[in-house]
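**Q** One structure, pasted below without further comment.
The values are calculated or read from the model by the stated rules, or taken from the named source; none is laboratory data. Just so you know, these numbers come straight off a predicted model, no measurement behind them. Counting neighbours? That spans all protein chains shown, and the Cβs are built from the backbone with ideal geometry, glycine included.
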């Protein structure tokens, strides 16, 4: 939305086709000057909503059969998948007025939708790739994903992607003839979140706040909890917002007691408020070396001290936190847990109450602002529709 708002200020109308499993949303709505078209696909629905929507009996074997049937819908050749068909059908009804489409590839299915529709209509499309496809640790690696990604790069007018993924393509011979259309761009998440709320603690406690999801095999809460559970101070409080690994978080209740809270999923604005009210923010890097949690740049935007827990020594979050004046990187296996816990508390005591002004943040992370990335988008869009 930050990019859309920037483009709107430059007379570009940008709307959104949203693939969703939430059947409570309207098929179309207006928000912040953009139209959102919702395409409903049951495979993206929470199971309890599916049960309600399809009036299924919660018999013992029914959930497994039901999920198996929906998983089978998109197996084999992904081009024939249900999601692509549903979205292309919707684009057939709304797409004529648009000059160009942008496939936001947080999931490769969005690229396939744009490619299928644009092949059918002759319209141009861009790929905005914020997550890896063929080298995605979460998806697993396969020849099919490699073919999908190469086809997207081949058929798109241009690809705007993260510096990490652009560098991957530089070293891949299959992309040698396509590099002229690849534009590196940072996550455009840095904005002013520095002054809306003061810390909510009573001066005696120190609240460390994490916001985000935990994915099996990608981002894990165990290492941060192991370190924080060894901090020798009853003043430390740990607050998680998001979902995933609830049982594992709860298993540390015996150590933390009431000093550990899990809020579950929060609306984005409420999550921002919690960040601004906390004393220290917790970032947790992914297991993969080519994925940066975009939440890190929201943390940076607050100017608050950041504890950055890294699963791997080449975690891509480390260079960003090294540039941030109030950050500490804690790498799993780099020292004993007790020594890391001592370093964490020393950092908390040294930075408590400190903050970075937004002008300083914006100077250091200028390439992570919507203005900077939006200018690149506007330039690439203009070239693509000439």
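**Q** Looking at segment 16-27, I want the residues that are farther than 17 Å from residue 94 by Cα and have a partner that is outside any loop (DSSP other than H, G, I, E, B) and at pLDDT 85 or above with Cβ atoms under 6 Å, at least 6 apart or on another chain. Which pairs are those?
**A** Final answer for the pair search is 20/38; 23/40; 25/38.
**Q** Let me spell it out: the conditions are (1) at pLDDT 95 or above; (2) under 24 Å from residue 127 (Cα atoms), and residue 295 meets all of them except one. Which number is the exception?
**A** For residue 295, the exception is condition (1).
**Q** Moving to a separate point now. How many residues does segment 89-148 hold that are under 24 Å from residue 379 (Cα atoms), part of a loop (DSSP other than H, G, I, E, B), free of Cβ contacts under 8 Å to residues at least 60 places away in the same chain and in contact with a helix residue (DSSP H, G or I) (Cβ under 6 Å, 6 or more places away or on another chain)?
**A** Matching residues across segment 89-148 total 1.
**Q** Let me ask something additional. Select from segment 333-369 the residues that are over 20 Å from residue 209 (Cα atoms) and at pLDDT below 95 and list them in ascending order.
**A** None; the set is empty.
**Q** Just to check your reading of the model, which residue among 237, 245 is crowded, with 18+ Cβ neighbours inside 10 Å, assigned by TED's automatic domain parsing to the domain that holds residue 307, farther than 18 Å from residue 327 by Cα and out of contact with any strand residue (DSSP E or B) (no Cβ under 8 Å at 6 or more places or on another chain)?
**A** Selected residue: 245, the only one of 237, 245 that is crowded, with 18+ Cβ neighbours inside 10 Å, assigned by TED's automatic domain parsing to the domain that holds residue 307, farther than 18 Å from residue 327 by Cα and out of contact with any strand residue (DSSP E or B) (no Cβ under 8 Å at 6 or more places or on another chain).
**Q** When the residues of segment 310-327 are filtered to those that are closer than 15 Å to residue 368 by Cβ and touching a strand residue (DSSP E or B) at 6+ places or on another chain (Cβ under 9 Å), which remaining residue is surrounded by the fewest Cβ atoms within 10 Å (Cβ to Cβ)?
**A** Among them, the one singled out is 322.
**Q** Output the number of residues of segment 153-188 satisfying the condition of being over 28 Å from residue 298 (Cβ atoms), assigned to a helix (DSSP H, G or I) and touching a strand residue (DSSP E or B) at 6+ places or on another chain (Cβ under 7 Å).
**A** Residues meeting the conditions: 2.
**Q** Can I ask one more? Checking the structure you have, find out if any residue of segment 179-193 is under 21 Å from residue 351 (Cβ atoms) and free of Cβ contacts under 8 Å to residues at least 24 places away in the same chain.
**A** Within segment 179-193, none of the residues are under 21 Å from residue 351 (Cβ atoms) and free of Cβ contacts under 8 Å to residues at least 24 places away in the same chain.
**Q** Please tell me if residue 126 is in the same structural domain as residue 374 (by TED's automatic domain parsing), at pLDDT 90 or above, touching a strand residue (DSSP E or B) at 6+ places or on another chain (Cβ under 7 Å) and closer than 21 Å to residue 182 by Cα.
**A** For residue 126, the condition - in the same structural domain as residue 374 (by TED's automatic domain parsing), at pLDDT 90 or above, touching a strand residue (DSSP E or B) at 6+ places or on another chain (Cβ under 7 Å) and closer than 21 Å to residue 182 by Cα - is met.
**Q** Also, quick follow-up: Given (1) surrounded by fewer than 19 Cβ atoms within 10 Å (Cβ to Cβ); (2) more than 19 Å from residue 219 (Cα to Cα); (3) in the same structural domain as residue 217 (by TED's automatic domain parsing), where does residue 265 come up short, assuming only one miss?
**A** In the conditions (1) surrounded by fewer than 19 Cβ atoms within 10 Å (Cβ to Cβ); (2) more than 19 Å from residue 219 (Cα to Cα); (3) in the same structural domain as residue 217 (by TED's automatic domain parsing), residue 265 misses (2) alone.
**Q** From the set of residues in segment 248-274 that are touching a strand residue (DSSP E or B) at 6+ places or on another chain (Cβ under 6 Å) and in contact (Cβ under 8 Å) with a residue 60 or more places away in the chain, which is farthest from residue 138 (Cα to Cα)?
**A** 274
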